[in-house]
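Student: Take this structure, written in structure tokens, and hold onto it; I'll ask about it next.
The values are calculated or read from the model by the stated rules, or taken from the named source; none is laboratory data. Quick caveat, the model's predicted, so the values are computed rather than measured. Here the Cβ positions follow ideal geometry from the backbone for every residue, glycine too, while neighbour counts run over all protein chains shown. These area figures cover heavy atoms from the full protein model, side chains too; ligands, DNA and RNA do not enter into them. Shrake-Rupley method; radii C 1.70, N 1.55, O 1.52, S 1.80 Å.
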Amino acid sequence: MADRSVLLVEDEPLILMDLEFAVTDRGWQPRTASGVRKAMEFLEKDAAIAAAVLDITLKNGENCLPIARELERRRIPYVLHSGELEHYSADMDDLTGERVAKPASAASVVAKALAGLAGDAG
């Protein structure tokens with residue numbers, strides 16, 4: 001499945017690196033971003049994105065809400081992976097992504113993001 005991608009949006013480099021390894025271990029291609037602009041660029045340019053892992057709070061005071069809304073519009077499954085799940089804004093109450101509290105193993109977070117995909121062999 002090397003031609004299919006998982007979008008990883010995380011502003012903490014070590015967590016992002018762990019997620020990247022977990023994605024490649026499952027035979028997928030990671031697409032990484034630490035902010036909204038780059039994540040949205042990936043969504044515009046990479047039709048192979050099949051799932052995503054989003055941190056709620058991103059760099060420069062951003063949050064993942066615009067990315068999550070676009071993923072939902074495209075019916076791409078995603079996981080909200082955050083240490084601040086209890087503090088997110090009311091704007092995020094209706095997001096459909098599964099919530100996974102930090103700390104959690106990168107492998108389990110990626111597995112949850114890919115769980116709804118037919119044909120995920122990893």
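Student: Using a 1.4 Å probe over the heavy atoms of the protein chains, calculate the carbon and sulfur portion of the accessible area of the chain as a whole percent.
Tutor: Details: 3150 of 6250 Å².
About 50 percent, which is the carbon plus sulfur part of the accessible surface.
Student: Shape of the chain from its Cα gyration tensor (a ≥ b ≥ c, root eigenvalues): rounded if a/c is under 1.5, otherwise prolate when a/b > b/c, or oblate?
Tutor: Numbers: a/c = 1.43, a/b = 1.29, b/c = 1.10.
Rounded.
Student: Something else: Based on Cβ point charges of +1 for Lys and Arg and -1 for Asp and Glu, what charge dipole magnitude is obtained for the chain about its Cα centre, in debye rounded to the nearest 20?
Tutor: Numbers: 14 positive and 21 negative charges, 71 e Å.
Dipole of the chain, to the nearest 20 debye: 340 debye.
Student: Counting other Cβ atoms within 10 Å, which trypsin sites (Lys or Arg not before Pro) in the stretch 39-85 have at most 12 and lie in a DSSP loop? Walk me through the intermediate numbers first.
Tutor: On the way: sites: LYS45, LYS59, ARG69, ARG73, ARG74, ARG75; in loops: ARG74, ARG75.
Those satisfying the criteria are ARG74, ARG75.
Student: Could you give the length gained on full extension between GLU44 and ALA107, defined as 0.36 nm per residue of separation minus the Cα-Cα distance, in nm?
Tutor: Numbers: separation 63, 0.36 × 63 = 22.68 nm, distance 2.64 nm.
Once the chain is fully extended between GLU44 and ALA107, it gains 20.0 nm.
Student: Pull up the DSSP beta bridges for the chain and report the antiparallel fraction as a percent, rounded to 5. Intermediate values should be presented prior to the final figure.
Tutor: Values: 1 of 18 bridges.
That works out to approximately 5 percent antiparallel.
Student: Might you report the magnitude of the Cβ-based charge dipole of the stretch 1-54 about its Cα centre, with Lys and Arg at +1 and Asp and Glu at -1, to the nearest 20 debye? Don't jump to the answer; show the numbers that get you there.
Tutor: Working: 6 positive and 10 negative charges, 40 e Å.
Its charge dipole is roughly 200 debye.
Student: For GLU84 and GLU72, compute 0.36 nm times the residue count separating them, minus their Cα-Cα distance, and round to one decimal in nm.
Tutor: Values: separation 12, 0.36 × 12 = 4.32 nm, distance 2.12 nm.
In short, 2.2 nm is gained.
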